[in-house]
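**Q** Here it is, the structure, as structure tokens.
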Amino acid sequence: MKLNKKLFLTLFFAASAKHISAQVVPAVFSNIYFDNTAKNYYFKNPVDNKIYYADTTKTTTIIQNFSQLPLAYDSGFILNFGTQQNGSVLYGLKDINNKMQQVVYYRYLYALAKGKVKVDILSKLIGNYDFINWQKNGRGKIGYRFFSTTNQILFDGSFVFTYKNKKFALDTCMSEGPFVANMESKETTIWFETNLPIVASIVISNAGNKKSYIGQLGTHHEIRIKDLQANTNYKYTIVMGDYSESFSFTTFPEKGTQNAFAFAYASDCRMGQGGNERNVMGVNSYVMSRIASYAVYENARFMQVTGDLINGYDIDENKINLEYRSYRNVISPYAAQVPFYMGMGNHEVVAYEFGGYDYAVDKFPFEKCSQEKVFADNFVNPLNGPMSEDHSKLDPNLTLVDFPSYAENVYYYTCGNVAMIVLNSEYLYTQNENNVDKVGGNIHAYIMDNQLQWLTETLAKMELDKTIDHVFVTFHSPMLPNGGHVADDMWYNGNNNIRPVIAGKPAEKGIIERRDQLLDLLVNKSTKVVGVLTGDEHNYSRTLISPETKMYTDGYQGARIQLKRSIWQITNGAAGAPYYGKEETPWVVSVQKFAVQYALCMFYISGKQVNMKVINPETLEMLEDVSLK
């Protein structure tokens, strides 16, 4: 976590001394209390007075078990995953001169003994198996993969070793990354993790010119690279003592220029069916790696992934952290070159569960373990969004911080003449909308008041910005769902009664009214929004939202919005999650394309023109090639 993020969140939560106590229930919730005897929270149902205690089960599969440093021995290294872990390990060498650094596994799988396994380098990875010449160079890189007893892939790791005077030693190296983030035309951030604390540096080079940027002592490193040239390719070398690795990136075009470029979009790469790499600790690594590789192959300048990155829905943030680690491992070879921007979905949930799913709320204290905080801890996104829902109409106490932060889960960025606005439709998510009146919180797909106000101001600013020609807005849940989430998303089968309830007070606007307010901003108040990029439904669809689109049930009694122009809803939740088929809706005739194949959306920007190609990354089949503007 970088310093300015720490400062941002420290100042945000410092406004409330109340949150120092882990026993205090946030005021946004109702009927949740703390039992001093049981040392646990409980929910008391106001209908029948039945009490449900929070599930405090802890997972034994946590990231700490996979983060212990390898221990050298005479023939290699010993990996220790803890005595609670059973399974087996595959290992092999990595070539750091290979752009993607894929591990080449040795032929055998080795079972753990009391949680440990030997990586036998000296007798296994020699001779014709030493394709990186570690014996000659005295240094090499090992990649390894951990399998459970049921052969599920749980973790991928790597480490660098030295071999001198016939002795192996662990070297300081990156344990994760690097990742290029928060790209601009003349600046970017490069972040990574190291296995040992070190003052790392980054050397940037182009056309013979070099400049070094020095970080701070630690294992988490975020280094801002400045004074770059727009639309220029740079080599960067991460220096860790006497060891280094090199990569490259290309800066964004100058803001407002008409340079042609491409970007990529997908969502819902959480675990799928089929086993093995389709479920690598909550992530469909098989599909997501193909999506990422094709996006880089097509020279995408950035990739937006909006929600359901992981399987999630867990009560233990340690398990969620391990799943996020799995996701980052999948994208790492590609995100070292191209920035990946992340948005939140409903599967990013970290919850307190009272009686299971029925009474599940965003975990608290919000500043320590909410789904929003855990998400921010695992990624580096811009910090230009709203603060929270504090001081909104529903705020139960204007003097305290009662809501989780929007830091790094609501934001925007620009590339050339394009702006991308990232919203969070799963903020403060209470999983069962039928019980939100009893327990409190937000419902699936609802954009709350302060976030909507921030969007209003941001769109107005972009409308006046002559350097921006095209605006895309992305959030996880479709406004007009087509298959898999017609019973919820921003529709709930046309039931406008569904809405958030904060501290016992229902929101003024129901889900359909809030959807229409969102549409009014995107369509009627903006001339630049090309479309919304959504997910949640595990399929691909392209829907025309126009003045002729039917968006209500026949018996709908509320006000109906009149649209002045047309935009596109591009739903691509086809990045690996189990598929959903098409359903009947009032707007079915406005659905221009629907497919259940895996999909990657590639957007090609050329001045005032916007073209989109949709590719199946598994078969390379072109699903469609259309002009959007």
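Residues are listed down the side, and each one gets a yes or a no for (1) among the aliphatic types (A, V, I, L, M); (2) without any contact (Cβ under 8 Å) to a residue 40 or more places away in the chain; (3) in a strand (DSSP E or B):
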position: ILE214; (1), (2), (3): yes, yes, yes
position: LEU217; (1), (2), (3): yes, yes, yes
position: HIS221; (1), (2), (3): no, yes, yes
position: GLN229; (1), (2), (3): no, no, no
position: THR237; (1), (2), (3): no, yes, yes
position: SER248; (1), (2), (3): no, no, yes
position: GLU254; (1), (2), (3): no, no, no
position: TYR265; (1), (2), (3): no, no, yes
position: GLY274; (1), (2), (3): no, yes, no
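**Q** Here's another thing I want to ask about it. With (1) under 27 Å from ASN49 (Cα atoms); (2) surrounded by 20 or more Cβ atoms within 10 Å (Cβ to Cβ); (3) not polar (S, T, N, Q) as the list, and GLY356 as the residue in question, which single condition is left unmet?
**A** (2)
**Q** Could you figure out which of (1) over 23 Å from LEU521 (Cβ atoms); (2) in a strand (DSSP E or B); (3) of a type in the set (S, T, N, Q); (4) in contact (Cβ under 8 Å) with a residue 40 or more places away in the chain isn't true of ASN611?
**A** (4)
**Q** Scanning the stretch 255-277 for residues that are at pLDDT below 95 and of a type in the set (D, E, K, R), which turns out least open to solvent (accessible area, probe 1.4 Å)?
**A** It comes out as GLU277.
**Q** On the given criteria, is VAL349 within 21 Å of TYR412 (Cβ to Cβ) and at pLDDT 95 or above?
**A** When the stated conditions are applied, VAL349 does not pass them.
**Q** Within the stretch 200-212, take every residue that is in a strand (DSSP E or B) and more than 18 Å from GLU176 (Cα to Cα) and give me the one that is most open to solvent (accessible area, probe 1.4 Å).
**A** LYS210
**Q** Please work out which residue is nearest to the chain's Cα centre (by Cα), limiting yourself to the stretch 514-529 and to residues that are open to solvent by 10 Å² or more (accessible area, probe 1.4 Å) and farther than 23 Å from VAL610 by Cβ.
**A** So, considering only residues that are open to solvent by 10 Å² or more (accessible area, probe 1.4 Å) and farther than 23 Å from VAL610 by Cβ, the one nearest to the chain's Cα centre (by Cα) is ARG514.
**Q** Looking at GLU245, GLU222, GLU254, which one is more than 23 Å from the chain's Cα centre (by Cα) and under 15 Å from PRO178 (Cα atoms)?
**A** Exactly one of GLU245, GLU222, GLU254 is more than 23 Å from the chain's Cα centre (by Cα) and under 15 Å from PRO178 (Cα atoms), namely GLU245.
**Q** Further, regarding this structure: Are any residues in the stretch 23-64 in contact with a Gly (Cβ under 6 Å, 6 or more places away or on another chain) and either assigned to a strand (DSSP E or B) or open to solvent by 60 Å² or more (accessible area, probe 1.4 Å) (or both), and if so, which ones?
**A** Passing the criteria: only TYR52.
Here is a yes/no grid of residues against (1) more than 19 Å from ARG278 (Cβ to Cβ); (2) open to solvent by 40 Å² or more (accessible area, probe 1.4 Å); (3) under 19 Å from the mean Cα position of the chain (by Cα):
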| residue | (1), (2), (3) |
| --- | --- |
| GLY581 | yes, no, no |
| GLU584 | yes, yes, no |
| LYS593 | yes, yes, no |
| LEU600 | no, no, yes |
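Residues checked against (1) within 15 Å of the chain's Cα centre (by Cα); (2) crowded, with 24+ Cβ neighbours inside 10 Å:
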| site | (1), (2) |
| --- | --- |
| VAL410 | yes, yes |
| TYR413 | no, no |
| TYR429 | no, yes |
| ASN434 | no, no |
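**Q** Between a residue in the stretch 589-607 that is touching a residue at least 60 places away in the same chain (Cβ under 8 Å) and any residue that is in a strand (DSSP E or B) and among the aromatic types (Phe, Trp, Tyr), which pairs come within a Cβ distance under 6 Å, given they are 6 or more apart or on different chains?
**A** Matching pairs, first to second residue: ALA599/TYR540; CYS601/TYR265; PHE603/PHE263; ILE605/PHE261.
**Q** Could you tell me which residue of the stretch 307-322 is farthest from the chain's Cα centre (by Cα), considering only residues that are open to solvent by less than 10 Å² (accessible area, probe 1.4 Å) and over 18 Å from GLY272 (Cβ atoms)?
**A** ASP316
**Q** Can you pull out the helices (runs of 4 or more DSSP H) entirely within the stretch 357-471 that have at least 1 residues that are touching a Leu at 6+ places or on another chain (Cβ under 9 Å)?
**A** 366-369, 371-378, 449-464
**Q** Out of all the residues in the stretch 547-559, which are open to solvent by 10 Å² or more (accessible area, probe 1.4 Å) and closer than 30 Å to ALA577 by Cα?
**A** THR549, LYS550, TYR552, THR553 - these are the residues of the stretch 547-559 that are open to solvent by 10 Å² or more (accessible area, probe 1.4 Å) and closer than 30 Å to ALA577 by Cα.
**Q** From the list MET288, MET342, MET303, pick out the single residue that is open to solvent by less than 20 Å² (accessible area, probe 1.4 Å) and either assigned to a helix (DSSP H, G or I) or of a type in the set (Val, Ile, Thr) (or both).
**A** Sole residue among the options that is open to solvent by less than 20 Å² (accessible area, probe 1.4 Å) and either assigned to a helix (DSSP H, G or I) or of a type in the set (Val, Ile, Thr) (or both): MET288.
**Q** Something else: Please determine whether any residue of the stretch 65-81 is of a type in the set (Gly, Ala, Ser), in a strand (DSSP E or B) and over 28 Å from the mean Cα position of the chain (by Cα).
**A** yes
**Q** Right, another one. Got at least one residue in the stretch 530-541 being surrounded by fewer than 24 Cβ atoms within 10 Å (Cβ to Cβ) and outside any loop (DSSP other than H, G, I, E, B)?
**A** Yes: one or more hits.
**Q** Can you pull out the residues in the stretch 229-242 that are aliphatic (A, V, I, L, M) and either buried (at least 17 other Cβ atoms within 10 Å of the Cβ) or within 15 Å of ALA181 (Cα to Cα) (or both)?
**A** Those that are aliphatic (A, V, I, L, M) and either buried (at least 17 other Cβ atoms within 10 Å of the Cβ) or within 15 Å of ALA181 (Cα to Cα) (or both): ILE238, VAL239, MET240.
Quick grid of which residues meet (1) without any contact (Cβ under 8 Å) to a residue 60 or more places away in the chain; (2) surrounded by fewer than 24 Cβ atoms within 10 Å (Cβ to Cβ):
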residue	(1), (2)
TYR446	no, no
GLN453	no, yes
ASP465	yes, yes
ASN495	yes, yes
ALA503	no, yes
ILE512	yes, no
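The values are calculated or read from the model by the stated rules, or taken from the named source; none is laboratory data. Everything numeric here is computed off the predicted structure, so don't read it as measured data. Note: ideal-geometry Cβ built from the backbone for every residue, glycine included; neighbour counts use all protein chains shown. All accessible areas refer to the heavy atoms of the entire protein, side chains included, with ligands and DNA or RNA removed. Shrake-Rupley method; radii C 1.70, N 1.55, O 1.52, S 1.80 Å.
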